[in-house]
Structure formats: structure tokens, C-alpha cells
1. State the number of residues belonging to the range 49-71 that are outside any helix (DSSP H, G or I) and among the hydrophobic types (A, V, I, L, M, F, W, C).
2. Restricting to the range 224-244, and then to whatever is in contact with a helix residue (DSSP H, G or I) (Cβ under 6 Å, 6 or more places away or on another chain) and open to solvent by 50 Å² or more (accessible area, probe 1.4 Å), can you tell me which residue is farthest from residue 156 (Cα to Cα)?
3. Assigned to a loop (DSSP other than H, G, I, E, B), free of Cβ contacts under 8 Å to residues at least 60 places away in the same chain, within 21 Å of residue 237 (Cβ to Cβ) and within 13 Å of the chain's Cα centre (by Cα): does that describe residue 131?
4. For residue 157, all conditions in the list (1) under 21 Å from the mean Cα position of the chain (by Cα); (2) within 18 Å of residue 129 (Cβ to Cβ); (3) at pLDDT below 95; (4) not charged (D, E, K, R) hold save one; what is the number of the exception?
5. Are any of the residues in the range 46-59 among the polar types (S, T, N, Q), open to solvent by less than 20 Å² (accessible area, probe 1.4 Å) and modelled with pLDDT of 90 or more?
6. Only residues that are more than 20 Å from the chain's Cα centre (by Cα) and either surrounded by 21 or more Cβ atoms within 10 Å (Cβ to Cβ) or farther than 22 Å from residue 240 by Cα (or both): list them for the range 200-223, please.
7. Name the residues in the range 28-46 that are closer than 23 Å to residue 99 by Cα and touching a residue at least 24 places away in the same chain (Cβ under 8 Å), would you?
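The values are calculated or read from the model by the stated rules, or taken from the named source; none is laboratory data. Nothing here was measured: the structure is a model prediction, and the numbers come from that model. Positions of Cβ are generated from backbone atoms using ideal geometry, with glycine treated the same way; all protein chains shown enter the neighbour counts. Protein only, heavy atoms only, side chains kept; ligands, DNA and RNA dropped before computing areas. Shrake-Rupley method; radii C 1.70, N 1.55, O 1.52, S 1.80 Å.
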Amino acid sequence: MNVYAELWRSVQVSSLFSLALEALAECLDPHVDSLRILPRTLKTKLLTIACKRGTLGTSSLESLLHSELRTLNLSECHLTDGMLLAIQICSELRKLDLNPGRNQERNLGRDALLSLWPNLPKLKVLYLRRCPGVTDDVVGAIAENCPNLTELDVGGCHAITDAAPVALTRTLKHLTSLNMSSTQVGDEGLLELVHGNCGKTLTELNINHCMRVTDFSIQCIAHNCRNMSILVFQGCPISADSHYALENIYAEAKVRQLAWTVY
């Protein structure tokens, strides 16, 4: 009898409440009006499930968002400009993940992106990869309206040029992690970046496949960013000179990852 009791206790059985949330997350749109009146704690739990499954539409997202939300991950959802407008209510948001999921594209409009950031003044972490609508002025608006930002990922946003890192380093004083891989950023922007506020705070920098980056940028980064622990610039037209400079400068530093391609 004791054996069966132990076996029963070891079995994980979902509660009726959890099963109900799982079922509701599969068909949110017909229940939008009812979702609006749910308690915030219940909205948050349901939102988490629906985000992971990518079952949110504009109406269902709008009905579940609330002003006390701290974290929002929409990476598995097919985003629209209307969904960005809905996010504006989340004034307490600290982390926002808008990265595209597998086989997804982010066709978000520049105007919708620009209108979002003034409503998220407490944002600290932002992931926004592979979004054509992210331009230099969008990055500038992020920097201006989100002064507490510590992590920013805009890798693969091909419209970004040297103006973007200039805007970031003039405004942000707490940025530790930056991904600007596969953009048009080059020597001019990186020079401004490392000589400004960000040169003192950055610990992680990804500039993979930035074809306008040369040895000059890499050596400036090495000389000015002494807190760097992760620096990756694979696919950049770098010579062996930068290789030797990095080895000498970071020889005694606590660097966890250095990755590059020598041409």
C-alpha cells in the first residue's frame, strides 16, 4: 500500500485551474470581452501561456495587457503595428522581447515603433532583431525615452548606420550589452560609441558581419572598453594586427569570449 502511495505522490497532475488556462489560451479571440475584466494576476498568467504558444492577435493582446506588467515576450507571435500600439499601456515594463521566432519576419512600421518608446520609460532590456522598420531615428527614440536601458539587441536591422551608436552613447549611461551585428555601423559610429558613456559600461558587444568595421574600430574598442568580457566581430574585414592588439590588451582581463575572422 505504501508503494502505491509513494507512486501517487510522485505523479505530477495538473490542476483544473491550469488545464482551464491552457485550454483558454488556444482560443482567446471569441472571449475578448470577458478577458478584459479578469484580475491582473490572472491576465498575466494567461498572457504568459498565450505568448509561448504564439496564439495572440491584436484584440486578445490588448485585452490581456495591463499597466503593472513587468516582462513581455512576443517572440513567438506574429506582430502587427496594432499590437505595438496596445503595448503602450505597459508603463512599468522592464523587459520587452520582440525578436522574431523561427521562420518569422518583423514587418513593423517606423511610425508605430517611434510612438512606442515614450510610453516605456522604465524599460531595461529590449530585443528587436531583424526588423526593417528599425532605423537610426527609432534607435535614437529608444535611447532618449528609455534611459535605464542595460541590454539592447538590434542585430540584423539593416537600416541602422553610424548615427545609431552615436545616439546611444550620448544618452545611455547603464548600457552593458549591445548587439548591432549585420548592420551598416562602421568605424565612425563605433569610435563615438567607445569614447562616450558606453565605453565605460559595455561588457558585451556583437558587431558580427558589419562590413564597414576595420582594424581601427577594433583597436579603439580594445583600448577604451576595459570592462569588456564578450566581443564578437566575425565576418568583419579585420587583419591580424587587431588579433595581436586584442591579445595584448585583454591578456590579463576577465574576457570570456573573443571571436573574429582574419582576412
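1. Start the filter on the range 49-71 by keeping residues that are outside any helix (DSSP H, G or I), which leaves 54-57, 65-71.
Narrowing further to those that are among the hydrophobic types (A, V, I, L, M, F, W, C): 56, 65, 69.
The total comes to 3.
2. 241
3. Numbers: assigned to a loop (DSSP other than H, G, I, E, B): yes; free of Cβ contacts under 8 Å to residues at least 60 places away in the same chain: yes; within 21 Å of residue 237 (Cβ to Cβ): no; within 13 Å of the chain's Cα centre (by Cα): yes.
For residue 131, the condition - assigned to a loop (DSSP other than H, G, I, E, B), free of Cβ contacts under 8 Å to residues at least 60 places away in the same chain, within 21 Å of residue 237 (Cβ to Cβ) and within 13 Å of the chain's Cα centre (by Cα) - is not met.
4. (3) is the only condition that residue 157 fails.
5. Going residue by residue through the range 46-59, those that are among the polar types (S, T, N, Q) are 48, 55, 58-59.
Retained after the next criterion (residues that are open to solvent by less than 20 Å² (accessible area, probe 1.4 Å)): none.
No; the residues of the range 46-59 include none that is among the polar types (S, T, N, Q), open to solvent by less than 20 Å² (accessible area, probe 1.4 Å) and modelled with pLDDT of 90 or more.
6. First, pick out the residues of the range 200-223 that are more than 20 Å from the chain's Cα centre (by Cα): 200, 211-223.
The answer is 200, 213, 217, 218, 221, 222.
7. As a first pass, look at the range 28-46 and keep what is closer than 23 Å to residue 99 by Cα: 28, 43-46.
Passing the criteria: 28, 44, 45, 46.
Here's the yes/no breakdown for (1) buried (at least 22 other Cβ atoms within 10 Å of the Cβ); (2) acidic (Asp, Glu); (3) not in a helix (DSSP H, G or I):
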residue: 76; (1), (2), (3): no, yes, yes
residue: 92; (1), (2), (3): no, yes, yes
residue: 118; (1), (2), (3): no, no, no
residue: 141; (1), (2), (3): no, no, no
residue: 149; (1), (2), (3): yes, no, yes
residue: 165; (1), (2), (3): yes, no, no
residue: 169; (1), (2), (3): yes, no, no
